[in-house]
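What follows is a short report on a single structure.
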């Protein structure tokens, strides 16, 4: 049985630090890929998972990879964290297959709840 994987793509470690206790408690594999292409490869290895994505400055490339990921792996649940200056990005994200868009100011407060909700089906079936 494969443990569900939680991928956190960000330029710093703030979201991963926030989610680490939750991942440990639930026996999820927490991974912090530094390139979106790596996220695609990790989902190709199989097993259920959630990607938490906070876009960086290379937005065009990241959105291309996000579209590829959701096309190849439609079961991959993606949570997009947007900052106030990226609020319009949320509308486009739905078209790219994102399951949740968390805008400010409460995006970090709700993140654990959203990730837990998206992981729940994987835990019930054992992966």
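What follows draws every value from the coordinates through simple rules; no lab data is involved. Quick caveat: nothing in here was measured; it's all calculated off a predicted structure.
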Helix 14-26 versus the longest principal axis of the chain: what angle, 0 to 90°, nearest 10, using Cα atoms? 20 degrees
Semi-axis lengths, Å, the range 21-85, gyration tensor of Cα atoms, sqrt of 5 times eigenvalues: 20, 16, 10
Whole-Å semi-axes of the chain's equivalent ellipsoid, largest first, each the root of 5 times a Cα gyration tensor eigenvalue? 21, 17, 13
If you fit an axis through the alpha-carbon atoms of helix 107-125 and take the longest principal axis of the Cα set of the chain, what angle between them do you get, 0 to 90°, nearest 10? 40 degrees
Taking Cα atoms, how many degrees apart are the long axis of helix 59-72 and the longest axis of the chain, rounded to 10 and kept between 0 and 90? 40 degrees
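Helix-only estimate, please: 222 nm mean residue ellipticity of the chain, summing -39500 (n - 2.57) across DSSP H runs of length 4 or more and dividing by its residues, to the nearest 500.
Details: 5 runs with 62 residues, N = 127.
Computed ellipticity for the chain at 222 nm equals -15500 deg cm²/dmol.
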